[in-house]
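All remarks here apply to the structure that follows.
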Amino acid sequence: MNEQRFIVQLAMGTDQHGHNDECTNAAIKAVKNAIANNCLCGLSEICKIIEPADLSRMKVHIKIGAPYPENINEKKILKAIPFGEKSLEVVKGGLITQGIMIKELGDTSDKIIICNAAVTVSVKS
């Protein structure tokens, strides 16, 4: 089956309470930010993805840039995408900057973790 890219959505997400260098929360925010302001009406109007069974033709690839790529919960990130055949690639990237540590919030450091996301939606023809 041939596959064509339909849209590439780009965004970033932050976790101001980078608990133990865990990047999952920032990555999920980046994914949700990427898809939040898009209405992919072309999927139904152009690609004829109308019925629930048609959603199997939609492929969603998530690429995350994270400062600590080993500290990503892939299952949680994939759940941020509601439809389609999902895949995830995590690479070293993103950014760490200094914030403040608030022990009452469970902070273990003053790190702010920033992750980037590229969400690509492709359609199988």
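The values are calculated or read from the model by the stated rules, or taken from the named source; none is laboratory data. Quick caveat, the model's predicted, so the values are computed rather than measured. Note that we place each Cβ from the backbone using ideal geometry, even for glycine, and neighbour counts take in every protein chain shown.
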Legend entry - Enumeration of residues in region 11-23 that are surrounded by fewer than 19 Cβ atoms within 10 Å (Cβ to Cβ) and over 13 Å from Ile72 (Cα atoms): Ala11, Met12, Gln16
Legend entry - Scope region 1-41; condition out of contact with any strand residue (DSSP E or B) (no Cβ under 8 Å at 6 or more places or on another chain), assigned to a loop (DSSP other than H, G, I, E, B) and free of Cβ contacts under 8 Å to residues at least 60 places away in the same chain; matching residues: Asn37, Cys39
Legend entry - Number of positions in region 9-24 that are of a type in the set (S, T, N, Q) and under 10 Å from the mean Cα position of the chain (by Cα): 2
Inset, instruction - Take Gly94 and decide whether it is on the phi > 0 side of the Ramachandran plot and touching a Gly at 6+ places or on another chain (Cβ under 8 Å). - result: yes
Inset, instruction - Restrict the check to region 24-31 and report whether at least one residue is loosely packed, with under 12 Cβ neighbours inside 10 Å, closer than 18 Å to Ser122 by Cβ and β-branched (Val, Ile, Thr). - result: no
Legend entry - Pick from region 1-39, criterion among the charged types (D, E, K, R) and in contact with a Ser or Thr (Cβ under 6 Å, 6 or more places away or on another chain), ranking: modelled with the lowest pLDDT: Glu3
Inset, instruction - Being in contact (Cβ under 8 Å) with a residue 60 or more places away in the chain and of a type in the set (D, E, K, R) is the filter; apply it to region 87-118 and report the residue that is surrounded by the most Cβ atoms within 10 Å (Cβ to Cβ). - result: Lys111
Inset, instruction - Quick one: which strands (runs of 3 or more DSSP E) lie wholly within region 65-125 and hold at least 3 residues that are in contact with a helix residue (DSSP H, G or I) (Cβ under 8 Å, 6 or more places away or on another chain)? - result: 85-92, 111-124
